Structure formats: C-alpha cells, structure tokens
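This report refers to the structure that appears directly beneath it.
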Amino acid sequence: MDLAEFVQSMPLLDHHCHYLISAKAKDRETRLAQVSTEAANSYPIEDTKNRLAWWTFKEEAKHFYKKSDQNFLQPFTKQEYIEYNRSIFRHYNYQMLLIDTGFVPNDPVTSIAETQEITGVTVYTIYRIETHAESWMQKENSFEKWWQALTTDVADAKKNGFVGFKSIAAYRFGLRLKKVAVADAMKAFTSWKESGRTRLTDATLICFILWNLAPLLVAQKMPLQFHVGYGDADTDMFEGNPLLMRSFLNEWSMKGLIVVLLHCYPYHREAGYLASVFPNVYFDTSLINPLGPASVVRVLDEALELAPYSRYLFASDASTYPEMYGVAAKRFKEALIQHFTKLKDVPTEQKEQWIRMICYQTSTNLYLKARNKRENEK
C-alpha cells in the first residue's frame, strides 16, 4: 500500500464538531450556503456563493447524491437522509464524533442515539463551560449556590457521559486569562445577575471560572478545549491569539491540565509553537479544512513547522450538513498526503505512525483513555 492509499484508509476521530440538522429542514441550498461561511446570515448570500468553500460543498453534495444531478440540493425523506449521511461518513472512514453541545443550529438533531443512527458513527459529547455557567446562573440566586452547582456539574461530567470540556472565552472577551480573587468574582456575578442578561461576557467571571475549574479537570484527566482565532463574525480575532494564554498555560499545563487549541487559523503557527514548548498542549486547524479549501495544504505545513506530530489532531468543526464533514475530511487527507510525501528523510514506518496519531490515536488517548479505564474497572 502506497502512502496515498494508507492515508485514505485511515479511520478518523473528529474531536471537534457540532450537531447535524434533521431531514425536515427546509431550503437546503440556502442552509448549505450559510454553513459554508462564518459570516452572519445577514451577509449577502450572493457573495457567499462566490467563495470557493460553497463550490466545494456543492460538488460534495453532487458527488454523493444518488438520483438526478439536477436535484442534488433538494430535500430528503428521512430514510434518504440517513442513507446519504452514512454514505459520506463511511466513505471518509469517520469512526467517532465528539460533539460540542454548546452550539445548537436551527432544526438540530440533538439526540446522540439519533445522530449515531443517521451517521453510522459512534458519538460522544463535549461540555461547553460558559453555556452551563449561564444555565446555572438562571437557576441559582447567589454566587455561592451558583458556584457550588457549577463545580458539582463539572465534577460529574464524566459520569454524565462527557469526554472533555470547551471554553469560548475567545468569543466573549479574548484569551488574556488571569487569576481572579473570589471577592471580584462575587461582584461580577452580582452585576451579571442584576443585568437581566443571560449571556456570560464578563472577563473577570470567565477567568475565575476557568482558573478555578482547572484542578477538577486535572483530577479527571479530561481535556479543556479553547476556541482560537477564526470563527463567527462576532469574535475579536485579535484577542483570540493563543499567545495571550501564556500565564494560564504556565500555571496549569505544568500541573497536568490537557489544553487543546481549536481552529487556530491564522494563529496556527503560534499554536504549533505553544504545542512545541508546553507540556499537555495540543491543537488542530479544523475550521480551515472545510471553509478555506485553497489553503489547507499550506496551513497544515505551517502548523507543523515546530509542533510534534503527536500534538496535532484532525477535526472538522463541521455542523448542520454532512457535506461539511465530507469536505473537511477530503481536504485534510489530501493535505496529509502532500505533506508526508515531501518528508524525504523520514522512513515510511515513522510516517505511518504519525499519520495514525493525527487521524485518531492521539485523540483516543486524550479523550477516551481515562473513560475506557473507568468503564473497564466497573
């Protein structure tokens, strides 16, 4: 088996992705176009359809549609939808999806059992910290009760089926994470509660949450994902540079906290640097795989200029429709082939070991090793 065949045969563990939507969702063409960009839905759809990502999504849909090519963006019956999804996930050898439960599109399939039925793939879930903090704030009136409820929830996350955590601090204020005094956190909570807003955006409170939940994650050996860089239009990408996390990493990666940096573009080189000097830091370049198809090869090469191959993970950051998963896997595997073909001084056996790590082995160890050990001990 040559290198290209080896890469194409690789199972994929997608450690960062989102919910699909149901077959009942209307206006498939518009929804598919909207998910091909990170722009808000108010952005002109005609401009979205002049992006390469949209054309790759359309080509993916056309390739897997089993009826007339002229109708490849028409709605599906439920059974057609299951067969269509399964054909895509099977073709790219997806074996497992780790779904971030914090983002819920319209018309979602949030049932894990139904998602597994639709895709034919094993599914686990990721606990989004800010979303749960918001939920508990609406249930508890005092800082003390809110904090006790949140920490108990986090401590029970593994028992409740989660395999990791995620923070969207970069969306809410940035990645300048620092230690916060309890008194300051209490004041921030009171202001938040009195504001009538449910969305958590206060930097003081988010820093307090992340800094003080870290020991619970270390104890459970569960990874903490961070959104980095490229994302929805409301994120301040300047403040989403992972180099701003240095104080947090100095404190917690040294104490065993597993930190996984997601998306990373255009800070993929910075993320690769951090993964090369800090223990327990991993990263991916997920979102560029489906949404920046012209640059996947270059970004992968640049991400791995400094980083160990054992710290780099596959992910799609896909949501809503299976075409996004398909394009991400296709472009990523093509980039892997090109990258490893260029490594003339590395023996084939070593290349194959690194490719396995990237595609599924490292993610399996990070997210599932502690869980599997716990289940085997029952």
- Message: Based on this model, can you work out whether Gly272 counts as open to solvent by 20 Å² or more (accessible area, probe 1.4 Å) and modelled with pLDDT of 95 or more?
- Response: no
- Query: Looking at (1) of a type outside the set (Phe, Trp, Tyr); (2) more than 30 Å from Leu366 (Cβ to Cβ); (3) within 26 Å of the chain's Cα centre (by Cα); (4) open to solvent by less than 60 Å² (accessible area, probe 1.4 Å), which is the only condition Asn41 fails?
  - Reply: (4)
- Message: Which condition from (1) at pLDDT 95 or above; (2) of a type in the set (Gly, Ala, Ser); (3) over 19 Å from Leu287 (Cβ atoms) is the one that Ala23 breaks?
- Response: (1)
- Identify all residues within the range 65-114 that are of a type in the set (Asp, Glu), without any contact (Cβ under 8 Å) to a residue 24 or more places away in the chain and open to solvent by less than 70 Å² (accessible area, probe 1.4 Å); write none if there are none. Glu114
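Table: residues versus (1) outside any helix (DSSP H, G or I); (2) out of contact with any Leu (no Cβ under 6 Å at 6 or more places or on another chain); (3) over 27 Å from Ile126 (Cα atoms).
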residue	(1), (2), (3)
His16	yes, no, no
Lys24	yes, yes, no
Ala33	no, yes, no
Ser36	yes, yes, no
Tyr43	yes, yes, yes
Glu46	no, yes, yes
Ala53	no, no, no
Thr56	no, yes, yes
Lys67	yes, yes, yes
- Task: Would you kindly identify the helices (runs of 4 or more DSSP H) lying entirely within the range 146-247 that contain at least 1 residues that are of a type in the set (A, V, I, L, M) and touching a Gly at 6+ places or on another chain (Cβ under 9 Å)?
- Result: 169-172, 203-220
- Query: Name the residues in the range 294-338 that are over 22 Å from Asn365 (Cβ atoms), open to solvent by 10 Å² or more (accessible area, probe 1.4 Å) and in a helix (DSSP H, G or I), would you?
  - Reply: Ala294, Ser295, Val297, Arg298, Asp301, Glu302, Lys330, Arg331, Glu334, Ile337, Gln338
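Which one of Lys139, Lys166 is basic (Lys, Arg) and either crowded, with 19+ Cβ neighbours inside 10 Å or touching a residue at least 60 places away in the same chain (Cβ under 8 Å) (or both)?
Values: Lys139 fails: either crowded, with 19+ Cβ neighbours inside 10 Å or touching a residue at least 60 places away in the same chain (Cβ under 8 Å) (or both).
Step by step, each of Lys139, Lys166 is checked, and only Lys166 is basic (Lys, Arg) and either crowded, with 19+ Cβ neighbours inside 10 Å or touching a residue at least 60 places away in the same chain (Cβ under 8 Å) (or both).
The values are calculated or read from the model by the stated rules, or taken from the named source; none is laboratory data. Source: prediction; values computed, not measured. Cβ coordinates were reconstructed from backbone atoms using ideal geometry, including for glycine residues, and neighbour counts include every protein chain displayed. To get the accessible areas, we keep the full protein, side chains included, count just its heavy atoms, and leave off ligands, DNA and RNA. Shrake-Rupley method; radii C 1.70, N 1.55, O 1.52, S 1.80 Å.
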